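Following: one structure in structure tokens, then a few remarks.
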Amino acid sequence: MLVQFEGDSIELAPEETVLQGIERHGLTLPAYCRRGVCRGCMVKAKRGAVPAAAQRGLKESHRQQGLFLACQCLPTEALEIERCGGGEPHASRIERVERLSAGVLRAFLSAPAGLAHQAGQFVHLERPADGLRRAYSIASLPGSAIELHVALQPGGAMSTWLESAVGEAVLLRGPFGECHYLAGEQDRPLCLAGSGTGLAPLLGIVRAALAAGHRGPIRLYHGSVRRSGLYLWDEVSALQQAHPNLRVTGSVLDGNELEVSTAGSAIRFQPLAAAIAADGPPRAQERVFLCGNAELVRALQKTFYLSGVPLSQIHADAFVALGARA
């Protein structure tokens with residue numbers, strides 16, 4: 001099937017999505033999740049019919065404009081497409097930036113009045129000067145400055161710039177994502193697991209749950225290759241001490257001790273999946289949130305599902321595009 005995009009003609013292979021064809025052709029779209037959640041790869045059809053599956057979950061106004069998700073589109077006829085904004089921009093400003101570890105920054109941004117977000121969702125952060133855009137999850141509650149955790153990448157265009165960007169104007173698009181606390185479930189058990197800066201949305205969900213007076217047990221697992229990667233460990237451990245229904249566990253691959261306890265929180269020197277399994281099988285009624293490394297998220301999704309947790313109770317935001325968090 002032929003796709004016209006930015007002056008190029010792209011012949012899609014059988015069962016190849018529009019996004020895959022564009023990338024194979026050497027072009028790029030800001031695709032972060034590749035599951036139809038982040039809306040980063042949303043494009044506009046100028047000519048040709050768009051399959052309904054490629055518009056699932058979009059607003060009616062977007063569907064009428066011919067907008068669709070390139071990662072979900074298997075066209076049945078030739079298409080001519082163009083880029084679109086991927087969400088209305090909201091003006092913001094970087095208020096404060098601090099180092100949480102050798103590899104992670106925490107940035108606080110002014111909260112735009114029109115951005116109705118929930119803790120755990122993510123936004124596209126855009127630099128107005130050149131349109132550089134990256135996706136970051138929100139760790140803070142609504143009503144306060146927007147807290148983002150940024151993985152420092154060697155030579156990363158966005159992360160390097162953010163280190164010294166206090167006072168700079170930025171644009172926020174979104175919010176996106178399915179990882180956020182659901183009201184009215186104060187007694188449901190929660191399990192949250194992630195690696196690296198996947199802690200940001202999980203911490204946001206935990207904060208939202210505790211602020212809502214959640215009564216059910218909450219299990220939070222944070223994985224890293226090295227102990228130094230468990231950034232904000234003292235802060236999450238303090239949350240556990242203040243809330244008896246919260247249990248925090250760290251998973252570290254580079255170590256040889258079975259378990260270390262710090263301020264009541266356990267650090268286990270074993271893979272994240274093994275650390276979760278050590279606490280027994282998942283509960284069928286548990287609501288599960290998974291964030292971070294895409295391969296790890298997929299493996300954990302499968303594990304929880306095969307253990308009896310319905311797919312409707314497993315929420316995941318995995319980011320796989322090269323440089324999506326750089």
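Some observations on this one:
- Within segment 169-187, the set of residues being under 23 Å from Asp130 (Cα atoms) and surrounded by fewer than 16 Cβ atoms within 10 Å (Cβ to Cβ) comprises just one member, Ala169.
- Residue tally, condition out of contact with any helix residue (DSSP H, G or I) (no Cβ under 8 Å at 6 or more places or on another chain) and of a type in the set (Val, Ile, Thr), over segment 201-221: 1
- Applying the set (1) surrounded by fewer than 18 Cβ atoms within 10 Å (Cβ to Cβ); (2) under 24 Å from Arg34 (Cβ atoms); (3) of a type in the set (Val, Ile, Thr) to Val166 leaves exactly one unmet item: (2).
- Matching residues in segment 17-56 - criterion: being free of Cβ contacts under 8 Å to residues at least 24 places away in the same chain and either charged (D, E, K, R) or in a loop (DSSP other than H, G, I, E, B) (or both): Glu23, Arg24, His25, Gly26, Leu27, Thr28, Arg56
- Residue within segment 68-75 that is under 19 Å from Ala139 (Cα atoms), of a type in the set (Phe, Trp, Tyr) and either in contact with an Asp or Glu (Cβ under 9 Å, 6 or more places away or on another chain) or not in a loop (DSSP other than H, G, I, E, B) (or both) present: no
- Any hit, segment 73-82, residues being aliphatic (A, V, I, L, M), farther than 21 Å from Asp317 by Cα and buried (at least 19 other Cβ atoms within 10 Å of the Cβ): yes
- The residues of segment 1-16 that are without any contact (Cβ under 8 Å) to a residue 24 or more places away in the chain and either hydrophobic (A, V, I, L, M, F, W, C) or outside any loop (DSSP other than H, G, I, E, B) (or both), listed by number, are Asp8, Ser9, Ile10, Glu11, Ala13.
- Single unsatisfied condition, Ala107 versus (1) at pLDDT 95 or above; (2) closer than 30 Å to Leu2 by Cβ; (3) outside the structural domain of Lys44 (by TED's automatic domain parsing): (2)
- For the residues Ala145, Ala111, Ala116, Ala107, the requirement of being in contact with a helix residue (DSSP H, G or I) (Cβ under 9 Å, 6 or more places away or on another chain) and free of Cβ contacts under 8 Å to residues at least 60 places away in the same chain singles out Ala107.
- When the residues of segment 110-125 are filtered to those that are at pLDDT 90 or above and over 16 Å from the mean Cα position of the chain (by Cα), the one that is surrounded by the most Cβ atoms within 10 Å (Cβ to Cβ) is Ala111.
The values are calculated or read from the model by the stated rules, or taken from the named source; none is laboratory data. Computed from a predicted structure; not experimentally measured. So basically every Cβ, Gly included, is an ideal-geometry build from the backbone, and we count neighbours across all protein chains shown.
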